[in-house]
Amino acid sequence: MLPARLTQTLLRGLDRVISKTSAHKQHAPAHQRTGRRGEEDAYFYLRRRGYVMVARNFRTARHPGEIDLIGWDKDVLCFIEVKTRTTHDVKPAAAAVDRAKRQAIRIVIRDYLRLLPERLFPEPPQWRFDVVTVYYEAQPGNPAIELFQNSLLSS
């Protein structure tokens with residue numbers, strides 16, 4: 001447990017240094033800063049659950065869209081969308097993964113799978129799409145995080 005805490009503390013410290021030296025991130029709107037914080041908390045939440053994370057904010061030049069987190073849950077490759085909110089008052093965070101967002105994610109997943117080395121993956125690995133919601137309404141330092149495994153990419 002100690003090495004995981006040390007790694008988490010080190011990465012958060014490095015993120016703070018980078019955020020202070022990066023001019024465009026300092027002036028980002030509040031909702032973008034909250035979203036970045038939610039992705040970071042979701043990353044460490046999934047690590048504690050045993051996921052082995054392999055990518056953050058994956059994009060391709062060919063298509064718009066991004067996959068927030070990519071990681072292995074045992075032998076299943078997981079593509080994870082993180083939605084962060086400061087309140088439950090408006091619309092549930094998971095509901096923000098609408099049809100257009102799912103379509104963009106589906107295309108980026110296809111691109112990612114094509115990039116996997118054929119010598120390591122002669123057949124595409126088993127994969128799924130997960131959604132993680134992060135709410136900061138109760139205590140700012142202690143978010144409520146929920147994982148929805150095997151969310152639908154269709155419809």
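Values as computed for the structure displayed
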| read-out | value |
| --- | --- |
| Inter-residue pairs, beta-carbon under 8 Å, first surrounded by 13 or more Cβ atoms within 10 Å (Cβ to Cβ) and in the range 123-152, second modelled with pLDDT under 85 and in a strand (DSSP E or B), 6+ apart | Ala144/Glu137; Ala144/Ala138 |
| Scan of the range 80-93 for residues that are loosely packed, with under 12 Cβ neighbours inside 10 Å and charged (D, E, K, R), ordered by number | Asp89, Lys91 |
| Scope the range 53-94; condition under 24 Å from Gly141 (Cα atoms) and aliphatic (A, V, I, L, M); matching residues | Met53, Leu69, Ile80, Val82, Val90, Ala93, Ala94 |
| Qualifying residue in the range 57-77 (condition: in a strand (DSSP E or B) and surrounded by fewer than 15 Cβ atoms within 10 Å (Cβ to Cβ)) | yes |
| Residues (part of a loop (DSSP other than H, G, I, E, B) and of a type in the set (Asp, Glu)) located in the range 78-89 | Asp89 |
| Residue satisfying all of: in the range 40-67; among the acidic types (Asp, Glu) and touching a residue at least 40 places away in the same chain (Cβ under 8 Å); farthest from Gln8 (Cα to Cα) among these | Glu66 |
| Count of the range 90-110 residues which are over 19 Å from the mean Cα position of the chain (by Cα) and either modelled with pLDDT of 95 or more or in a helix (DSSP H, G or I) (or both) | 0 |
| Some residue of the range 111-120 being touching a Ser or Thr at 6+ places or on another chain (Cβ under 6 Å), modelled with pLDDT of 90 or more and under 24 Å from Arg62 (Cα atoms) | yes |
| Matching option when the condition is modelled with pLDDT under 75, in a helix (DSSP H, G or I) and aliphatic (A, V, I, L, M), among Leu14, Leu46 | Leu14 |
| Where Ala96 falls short, out of the listed (1) surrounded by fewer than 16 Cβ atoms within 10 Å (Cβ to Cβ); (2) over 18 Å from Arg36 (Cβ atoms) | (2) |
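The values are calculated or read from the model by the stated rules, or taken from the named source; none is laboratory data. Everything numeric here is computed off the predicted structure, so don't read it as measured data. Every residue, glycine as well, gets a Cβ built from its backbone with ideal geometry; the counts of neighbours run over all protein chains shown.
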